[in-house]
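Written below as structure tokens is the structure these notes are about.
Just so it is clear, none of the values below were taken in a lab; they were calculated from the coordinates. The structure presented is a predicted model; accordingly, all values stated were derived computationally and were not measured. In this analysis, Cβ positions are derived from the backbone assuming ideal geometry, glycine residues included, and neighbour counts consider all displayed protein chains.
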Amino acid sequence: MSYKRLSVSGAPLLCLAAACIGPQGAMPCAETASSGAEEKGADTGGEEPLVEAVVPTGALIWDGASISNVGESLSPPGSWFVYSDKSAKGVKKPPSVDEFMTAVENGALHTTGTGYTEWGGGVGTNLIGAPMLTPVDASKYRGIKFKASGKTPMKFLVGTVATMPEFGKCKKCYDHYMKVITDLSDEPKTIEITWADLKQTGWGDKVKFDVKTIVALNFTSKDAMPWDFTLDDVSFLE
Ligand SMILES: [Ca+2]
């Protein structure tokens, strides 16, 4: 995956292709993460955001029918990506971002994966579609809800400025606040997750969850287990 390196106010920033947004465990972006953190070491340590957060104007994020978010509540709308560890025998659906639409069935996304042995894989979305990764201030909402059915557990993760290496705040990045969902079944149901339900797994930098700096939502396997679930209608929880 390619990076374009930018520099804003002396702090290193990275614009990245989607695939390294949030692998938990394996960290393909680790080199950039640690070099970023070192360069940042001498700065003033201010907490001012490097990129101004976008405030949603509505609750619906994605309706399940396309690779893009719906564009009414978050502007410019971000889009979805597919990612996994690099296990040689891994097979996933959709197999790539380019083939994302092959996994859309009846207005919902059906993703599966087997053969991954490091951290697994799944799908995710960067909420804002600006060239530079852009946080969202979701503080007027209580959490996230979505419709899901499935045959396996699913891990839901929220990437923030503090856990994503592109913002230069973490050394052991990607330990996103998350919740493991273990009660999916063939019948689609609405899952509601409040911000307070989310916790870090604990292997990375310990950070505060900041609802004003949400960047990405990820829906992955539970670690290296196979995954098979269908996602639809992702919204902020009012
Ligand atoms: Ca739908």
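In the stretch 221-238, which residues are over 12 Å from LYS93 (Cα atoms) and polar (S, T, N, Q)?
Correct list: SER221, SER235.
Looking only at the stretch 95-140, count how many residues are within 16 Å of the ligand (Cβ to nearest atom) and part of a loop (DSSP other than H, G, I, E, B).
2
In the stretch 102-121, what residues are closer than 11 Å to THR230 by Cα and either surrounded by 22 or more Cβ atoms within 10 Å (Cβ to Cβ) or not β-branched (Val, Ile, Thr) (or both)?
Result: ALA103, GLU105, ASN106, GLY107, ALA108, LEU109, HIS110, THR111.
If we keep just the residues of the stretch 64-94 that are hydroxyl-bearing (Ser, Thr, Tyr), in a strand (DSSP E or B) and more than 14 Å from the ligand (Cβ to nearest atom), which is farthest from the chain's Cα centre (by Cα)?
Here the answer is SER84.
For the stretch 169-192, how many residues meet the condition of being of a type in the set (D, E, K, R), in contact (Cβ under 8 Å) with a residue 12 or more places away in the chain and farther than 21 Å from ALA216 by Cβ?
The number of residues fulfilling the criteria is 3.
Could you grab me the full set of residues in the stretch 68-114 that are more than 26 Å from ALA130 (Cβ to Cβ) and among the acidic types (Asp, Glu)?
Within the stretch 68-114, ASP85, GLU105 meet the criteria.
Being within 16 Å of the ligand (Cβ to nearest atom) and aliphatic (A, V, I, L, M) is the filter here; which residues of the stretch 218-238 pass it?
Of everything in the stretch 218-238, those that are within 16 Å of the ligand (Cβ to nearest atom) and aliphatic (A, V, I, L, M) turn out to be LEU231, VAL234.
Is it true that THR190 is farther than 19 Å from GLY58 by Cβ and among the polar types (S, T, N, Q)?
No: the conditions fail for THR190.
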